[in-house]
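The values are calculated or read from the model by the stated rules, or taken from the named source; none is laboratory data. The model shown is predicted, which means the values in this text are computed figures rather than measured ones. Note: ideal-geometry Cβ built from the backbone for every residue, glycine included; neighbour counts use all protein chains shown.
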Amino acid sequence: MAEVNSGCLEDGLSSTPDENEYPSGFPPNICDDAPQAKYLCSNCSNILNKAHQTLCGHRYCLACLSWLMRNNNSPVCKKCKEENPGAVAEESILTADHDHQSQCDYALIPCNIGCGQMVIRKKLASHLEKGCVNNILVCSKCSQKMSPSEFQKHSCEKAQVKEKKPAKEKNRSLMTAKNKDQCRFCEVGCTFKGNKEKTKEHEHTSLVPHLQLLLQAFYSVKSSLFTSQASANGDGGCFVDIQLKLNQLESTFDCLNVRTAPEMNGDLEVDSNLNSSNSDCAQNQDDMNQCQVKLEELAQKIQVYENIVTVLNREVEKSQMTIAAYENQNKIDQDTIRKLEAEVSELQSLLPMKDLLINALHLRIEALEEISYDGTFIWKISELNRKMQETASGRISNQYSPAFYTGKYGYKVCMRLYLNGDGAGKGKFMSLFFVIMRGDYDALLSWPFKHKVTFFLMDQNHREHVIDAFRPDLKSSSFQRPVKEMNVASGCPLFFPLSKLSSPKHAYCKDDTIFIKCIVDLTS
């Protein structure tokens, strides 16, 4: 089982309650949002408390795992039984052997060469290479102290001092200089090149940097497991990538082993100190044995990762199905939104027409409220001063009264008023005319129109009304049956002098309003 370090989990979980309060998992309501399934215990379905991950890849609280193992002889992972009841693998047997904390890339560990700092495991190599104060190498020639990266680039001045040598030894040095060898750890990133002696000295003094390179190669393989899993279509593709990485790493170590033997033999021939060479070869062989042990451990851990990847694949598939359902629902919602937007657009285009219809209905209602069917009509004209100014400026010349009738099925008529006069009365008199309009019952009426018409300008003090009347000219087209909407107006161009409109004795205009009355005498 593997204890999941808190650094491995994503953000989003609230602070951890006291573990004595919740011996197993924490209740989901400690989170602001509903926790993801990967944060829930496979046994109690609560939020993981001291999370452990099984060899099959599922997660349990430490208390739940302990209880299951204590109360069952051969406890089997509950999730494995739910997913495939008929086939339970060996990895589904719950054990406490596998410790995730010792593998977690995000776990804090102390520096392995004793500088006292705590570092994240995945950054240990970088810490040793660049930040560790204890990781200092000393040049055996000039005694200069430096970091591993500086040591690889170091070119010792004392080592470059040329000594006088016999001709044979000089020629041998030249031949050796021409045949520069690479470090045996070039397969994992070492870039050092030199003759056999310098290469041998480099390999002997650079053990820590070389182990760092091996460690980096190990983390590279481990991180590539998850990269391969994300790009593969299924578990098979992921396992193939893992096997390729293993083969590659094994080939690297085999290459190092193969290259070690002949180089050691060469060193034995060149180096005059045979005991020193044997000691170096033994040291290098021990290093290779340690690397082989690490490789075997890596193979075991990769098997565990394969199981974990299988679980993650299932979780990814569930997430993909959920995303597909959301996308489908989103598509349906978008279609609904587009339909609603089209309906709203259509309704908005109808709004102006609705406003016109409402205005027409208002006018019709007002006309029906004011209409008269007895031949008598009183016309109220408000805002007189403004209308007279508009008439004097030429903006409007006249205005019509609402239509009225001489009877229920009688003549349809109206009045036409020129506030600033018309014809002979222009500028001095208010001119008032009578207009016959085309009605619905004209075919039933007698023509020409021959009834007496009387106009009144009402004195609002009830003292003296202005009265004018006329009889129709039966030969005039104004009193014939209308063929258009209305006939030519006829009446009184000198109806009322404008100079008397403000008379203090009479109240023809009061509150900026006048009243004009028209009576059609049907008895005459």
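Is there any pair linking a residue in the stretch 118-137 that is surrounded by fewer than 14 Cβ atoms within 10 Å (Cβ to Cβ) to one that is part of a loop (DSSP other than H, G, I, E, B) and of a type in the set (A, V, I, L, M, F, W, C), with Cβ under 6 Å and at least six apart or on different chains, and which?
V133/C115; N134/I113; N134/C115
I'm trying to understand the selection: among the residues of the stretch 370-392, which are in contact with a Cys (Cβ under 7 Å, 6 or more places away or on another chain) and part of a helix (DSSP H, G or I)?
The one that is in contact with a Cys (Cβ under 7 Å, 6 or more places away or on another chain) and part of a helix (DSSP H, G or I): L384.
Could you tell me whether any residue of the stretch 393-410 is of a type in the set (G, A, S) and assigned to a helix (DSSP H, G or I)?
Taking every residue of the stretch 393-410 in turn, none turns out to be of a type in the set (G, A, S) and assigned to a helix (DSSP H, G or I).
For C80, are the conditions met, namely being assigned to a helix (DSSP H, G or I), touching a Cys at 6+ places or on another chain (Cβ under 7 Å) and either within 20 Å of I308 (Cα to Cα) or at pLDDT 85 or above (or both)?
Here the answer is yes, as C80 does meet what is asked.
Residues being touching a strand residue (DSSP E or B) at 6+ places or on another chain (Cβ under 9 Å) and under 21 Å from I514 (Cβ atoms): count how many of those fall in the stretch 341-374.
Of the residues in that region, 3 qualify.
If Y418 satisfies all but one of (1) closer than 15 Å to A489 by Cβ; (2) free of Cβ contacts under 8 Å to residues at least 24 places away in the same chain, what's the number of the condition it fails?
(2)
Taking E346 as meeting all but one of (1) part of a loop (DSSP other than H, G, I, E, B); (2) modelled with pLDDT of 90 or more, write down the number of the exception.
(1)
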